Structures are given as structure tokens and as C-alpha cells.
Amino acid sequence: MGSKQLSWIHLIFIVLNVGECKRMVGEACDPQDLMGLTSFRAGIHVDVSGRLQKWVGHNCCKWEGVYCNNKTGRVTEIRLPGFISTNDFIVQTSMEGRLSPSITLLTSLQVIDLGGLIGLAGTIPPLIGNHLRKLRKLYLYCNNLGGPVPESIGKLSRLEELHLHENKLSGSIPASVGRLQNLNRLLLYSNRFSGPIPESITNLKNLLTLDLHGNSLSGKIPEKIGALQVLQELDLSDNLLNGKLPLSLTNLTAVSVLYLDTNLLEGEIPFPSSSAQMPSLSFLRLHDNRLSGRIQPTIGNLVSLQRISLANNRLEGSIPATLGNLLDLTEINLNVNKLSGQIPQSIGRLSRLMFLSLSNNLIEGQLPHELSSLQNLQALDLSFNRLNLSPIPKWLGEIPSLCRISLAGLGIQGEVPDFFRTTPSPILELDLSSNHLTGSIPEWLGGLTRLYSLNLSRNSLVSKIPDTITSLQDLGVLDLHSNKLTGSIVEVFKIGSRFPEGSLTYVDLSHNNFSGTIEQVGVGAQCSIKYLNLSRNYLTGRLPMSVGKLGSMRGLDLSYNELGFTLPDSLANVTPLEKLKLQRNRFSGQIPNGLLKLKELKELDLSDNLLVGKIPTGKPLSDFPWSSYSGNRGLCGKPLSPCKS
């Protein structure tokens, strides 16, 4: 046979083989893709959703969550998100196991969505950028992945979205990220990244959203970040960023969300010099930093601003009147600074304002009557300033939407103003603590049926707690400490037992003149209480066995009373307990061994009682300092002196 004859035979073989390949497309998976998928499945030992159990046969293009190109038969998408939407609700499933590096065998992949699979561990495959060059979207968020982001990630030149947030990824953010020119969303928040933010991020000209919060990043914000002209959301909050805010931030003309809060940033805030800079900025968060200087009048150039939080910094000077020009504002939070001067009257023009917090500053003068025009104001916190609010202006109780009122530490005198009983909107929170209020707690408070939080602590209120308090069916927080309240604590607990179960969670009646026994503790609705403080009163009797029914209790303080007898074994049933303070009483007998079950206990004080015997050996009791047990002459054992044999 000649060479021409061999060529014809070869050609016939190729034609037949191509026909066979065409026949196989749609019936069998590409061998390389099949190997990658089966390796991925092998790495998962638990799949709550049951999707991987349906991966049978060789036609992977019909497997749930796998999508292929109709022409080539290659796998282009893997969509196995943890959140599955049904007609009625959304459920979150999990996969336990490790992410197989063999997933990189699927070289035609454009989308990988394994987000929300909370049990998926392992690392991002080191060679992901070498093999998955067609990848456009990578969703590996809310997993349990660790290790670094591989440097090869920068080779994914078509990548548009990179969502790796809420994992345990560590190391530095690779500089190669800056080569992803098509990237529009980069979400790396809530991981363990450290080191500086790479300068190369400023090369991402198409980036719309950048979120790096919740890591341990350090260093300065890259100076050229202002060159990201199309950036809409910048979130670098909750890191360890330090240094000054760069002036180039004002060049972010398209940014609408700017979150730089909870860092170590210092210096002055570079507000835009004209309305042409940052014209789209709607949400600005710079709270919890070390920023200083003044709030410049140029803040009025942020014409689209809706929410601003500059709280917990070192800002000083007066609040500029130009803040009243930002008519879209709904929230202003400037608390915990050193701001002085008066509240500008112009704030009364902010008709959309719903939240105004100026607490813990040095603001003085009268409350401007113009604030009465804030028809949509829901929450007002002016606490701990130098304002003259004695008396409280009556128009404050006439603002139609106001339901959360905090006026603590403002030198208010006299009785609790009765105009609060007839406010247009039901009061949900009322804080008049740390003032000079006198008289008794008014009966009409029981008419505030929607009240959730009542704080009248640190005043000079006298008499008993009125029975009408039981009408407050939604009451969750009751703080009356440091007054001159009297009466039997038994009567107080009878009031508490009439609350709906699950509502009352925080009760502080300490530093008063209550007397009687606490035999009613743990009865009825009290079972939902998480924090109970009855210290520094005149309570007597024993701690009853019913205390064990306080199954939600995290903090119990009965110190500085005249309680006695032995500690009940039922205390061991309060397993969520984190703080137990019983010092300066007359408790006797031994410390129950059952207290070793209180594994969450972080603070313990049994000092200055009449306790005897050996301190139970083991955690957490042996971990507390000697001061937790001192003043009990009969106690011995770690951390006190050894017991005598």
C-alpha cells in the first residue's frame, strides 16, 4: 500500500471519529470536566441539600447545579450556593468537606458559586489563575476556607466579581489583584488578612464596590485610591488602618457609599471644596477613629448625603450651620466627640431627618425651637452635654414621629414631665437618667403601652415602683438604679411575675432602699431575664432554689445585701451565667460542686461571706483570682491556701 492509500484510510478514521464525538456530546461529560467534578464530590462527605447525591452517570451536563456550553459540551458554570430559594422561603444548606484543587480541571468555567456553604473548608487552589482563564465570577463567601489568596488570582483577566468575604483567609492581599482590569466588585471583608492594602488596587478602573472591613489590615489608605473614578461603594471599615485621610478621596466623583469606620485614622477630614467633588456620596461612615479638627462648613457641598456618622472621634469646634443645607439627610450621628457651641437652628430645615445623636459632647445653650419642625424625627439623643434643658420644652413631646428620647445627664430638675404621657407617637425608649429628678415614679408610665426601655437611674426618685408598670407588656429594659426607692422586693417581684414571658430581659434596681426576701426570684416571666442587679439594698433571707429556673441569666449581682444561708445547688442549672457577684453578704456552708458546670463564667466574686470548706477543683472556679474568695475565713484550696489534711 502506498502513502496515498494510508492517507485515505487515516482520513476515513478521522471522519468516523468526529461523528462519534458529535454523537457523544450531550451524552457524556468531557473527561477532564468529569474528573474535576467527581474529585470535587469526593471531597465533600456531608451535603445537607442532597444535590451531590444526584450526580450519577457520565452526563454531568444534566447534574443539578452544573451548566454546559451546548456546542462544546464543556462545563461553564457550577452553581451550588448555600442559600436555596423555594416558593415559600429561603433555606441555608451546608456542605462539609474540603474544596478539591481538581476543580481547576474545568478549564472552561466562567462561574463558580459555592457561596454560603458554611462547612466548606480547605484553601483556594494555588493554580486557579493558571487554569481557569475564562472565569468571570468567583463566589466563595461564607465558607470555612483558610490560607492565602494565591498570587495566581491576578491571571484571571476576565474576572468581574470576586466574593471571598466571611472566611478565615489570611496573609496579605496579593498585589496581583491589581491586574484584574475587568473587576467591578471586590469583597474580602470579615477574614484574617493582614499587612497593607496593595497600591495596585488603584489600577482597577472599573471597580464599583470595594469592601475590606473586618480584617487586620494596617498602614495607610493608598494615596491614588481617588483615581477610582467609577467606584460606588468603598468599605474599609473595621480594620487597623492608620494614618491620615488622603485629599484624593474627594476625587471619587462616582462614590455613593464610603465606609472607613473602626480604624486608627487620624488628622482632619478632607471635605470637598465644591459640590462637583463627591456629588453622589449618600452614605458616609468615619466613626470610631482618631480624627481631629473641625467639621468644616464645606460639608455642605455633599449635596446627596443621606446618612453621616462621625461618632467617637476627637472632633471639636461648633457644628456648622451648612449641615442644614443637606436636605436629603435622614441620619446624623456626631456623638462622643468634643463638639461645642450651640445646635444650629438650620437643622430644623432637615424635613427628612429621622435620627439625630449629639450625645457626649460639649454642646451648650438652649434647644432651638426650630427642631420642632422635624416632622419625621424618630430618635433624639442629646445626652451628656451642657445644654440647658431644665425644664424640658413641651414642644419636644409634640414632635409627631418621636418615639426614642434620650436626655440623660442634662441637669434636668423636678418631676418626670407629664407631657410624655400624651405624645403623638407611642414612646418606645425613654432615658432621663443621671439628672436631678425628684418625686415618685408616676403612675401614668403604665399608659406608655409600647415602652420597651425605661431608664430613670441616677436620680433622686423616692417611694415605691407603681403597680401600673405591669401594663408595659413590651418592657424589656428596666433601669432604676441609684435612686431612693423603697418597698418590699417581694412586691417588686410580684410585679415582675405579671410581665409576659420573654419580654423583660434587663433589670437593675441596685443602689436603692429595697428590703425583704428574694423568695420570688425565678418565678414566672423572670425566667427570661438575662441581667439582674439587686446589689446595695437591704435584702435578707436565702437565695431560693427557684433561681435555677433563670435559664437565660447571664449576669446576677446580689452583692452588698444581708442575704444568708447556703448557696443553692440549683445555681448550677443557670449554665449561660457569665457574671456572678454575691460578695458582702452572709452566705455560709460550702461552695456547691455544681458551679463547675458554669463553663461560661468569666467574673465571680464570693468574697466577704461565711463560706467554708474546699473550693471545688477545676475550671472555671480555679481560674479566678484569690480576691474572688477572700474574706471567707473557712475557705481553702486553689487559689487560696491549701486545705489542711
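Values quoted throughout were computed directly from the atomic coordinates according to the rules given, and no laboratory measurement underlies them. Predicted, not measured: the structure shown is a model, and the values here were computed from it. Counting neighbours? That spans all protein chains shown, and the Cβs are built from the backbone with ideal geometry, glycine included.
Quick one: which residues, 5+ away or cross-chain, put their amide H under 5 Å from the amide H of Thr76? H built at 1.01 Å from N.
The answer is Tyr67, Cys68, Asn69.
Pulled fully out, how much extra length does the chain show between Phe565 and Glu600, if you take 0.36 nm times their separation in residues and subtract their Cα-Cα distance?
Extra length available between Phe565 and Glu600 comes to 10.1 nm.
With the cut-off at 1.5 for a/c, could you classify the stretch 494-645 from its C-alpha gyration tensor as rounded, prolate or oblate?
The shape class here is prolate.
If you add up the charges near Val547, with Lys and Arg at +1 and Asp and Glu at -1, over every other residue whose beta carbon is less than 15 angstrom from its beta carbon, what do you get?
With Lys, Arg at +1 and Asp, Glu at -1, the net is +4.
Sort Phe271, Phe565 so the one with the fewest other Cβ atoms within 10 Å of its own Cβ comes first.
Listed from fewest to most nearby Cβ atoms, that is Phe565, Phe271.
Provide the packing ranking of 102-110, 587-595, i.e. peptides ordered by the mean count of other C-beta atoms within 10 Å per residue, highest first.
Output ranking for 102-110, 587-595: 102-110, 587-595.
Net charge around Asn263, counting only other residues with Cβ within less than 10 Å of its Cβ (Lys, Arg = +1; Asp, Glu = -1)?
Residues near Asn263 contribute -3 overall.
Along the stretch 103-120, what does the Karplus equation 6.51 cos²θ - 1.76 cosθ + 1.60 (θ = phi - 60°) give for ³J(HN,Hα), rounded to whole Hz, x for Gly and Pro?
Ordered by residue, 3J(HN,Hα) equals 5, 6, 6, 7, 6, 9, 4, 10, 9, 10, 10, 10, x, x, 8, 5, x, 7 Hz.
Which of rounded, prolate, oblate describes the stretch 218-356, given a ≥ b ≥ c as roots of the alpha-carbon gyration tensor eigenvalues and a/c under 1.5 marking rounded, otherwise prolate only if a/b is larger than b/c?
oblate
Tell me the mean residue ellipticity at 222 nm calculated for the chain from its helices only (DSSP H runs of n ≥ 4, each -39500 (n - 2.57), averaged over every residue, nearest 500).
-2000 deg cm²/dmol
Subtracting the Cα-Cα distance from 0.36 nm times the residue separation, let me have the gained length for Arg158 to Glu443 in nm, one decimal.
That pair, Arg158 and Glu443, stretches by 95.7 nm at full extension.
May I ask you to sort Thr617, Thr566, Thr38 by Cβ crowding, counting other Cβ atoms within 10 Å and putting the fewest first?
Thr617, Thr566, Thr38
Each residue of the stretch 368-374 in order: what ³J(HN,Hα) in whole Hz does its phi give by Karplus 6.51 cos²θ - 1.76 cosθ + 1.60, θ = phi - 60°, with x for Gly and Pro?
Residue by residue, the stretch 368-374 yields x, 4, 4, 5, 5, 7, 7 Hz.
For a protection proxy built on the mean count of beta-carbon atoms within 10 angstrom, sort 338-349, 390-401 highest first, please.
Highest to lowest by the protection proxy: 338-349, 390-401.
Identify all lysines with a Cα-Cα distance to Lys597 below 27 Å; exclude those on the same chain that are fewer than 8 residues away in sequence.
Cross-link targets: Lys530, Lys549, Lys579, Lys581, Lys614, Lys619, Lys638, Lys644.
What residues qualify as long-range amide H neighbours of Gly267, i.e. H under 5 Å apart, gap of 5 or more or another chain, H built at 1.01 Å from N?
Ser292
Based on other C-beta atoms within 10 Å, arrange Trp55, Trp63 from fewest to most.
Trp55, Trp63
Sum up the charges of everything whose Cβ sits under 15 Å from the Cβ of Arg421, counting Lys and Arg as +1 and Asp and Glu as -1, but leave Arg421 out.
Surrounding charge for Arg421 is -2.
Using θ = phi - 60° and the Karplus curve 6.51 cos²θ - 1.76 cosθ + 1.60, what whole-Hz ³J(HN,Hα) does each residue of the stretch 640-645 get, with Gly and Pro shown as x?
The phi angles translate into 7, 5, x, 6, 7, 6 Hz.
Between helix 3-24 and the chain, what is the angle of the helix's C-alpha long axis to the longest principal axis, kept within 0 to 90° and rounded to the nearest 10?
Taking the Cα atoms of the chain, the angle to 3-24 is about 30 degrees.
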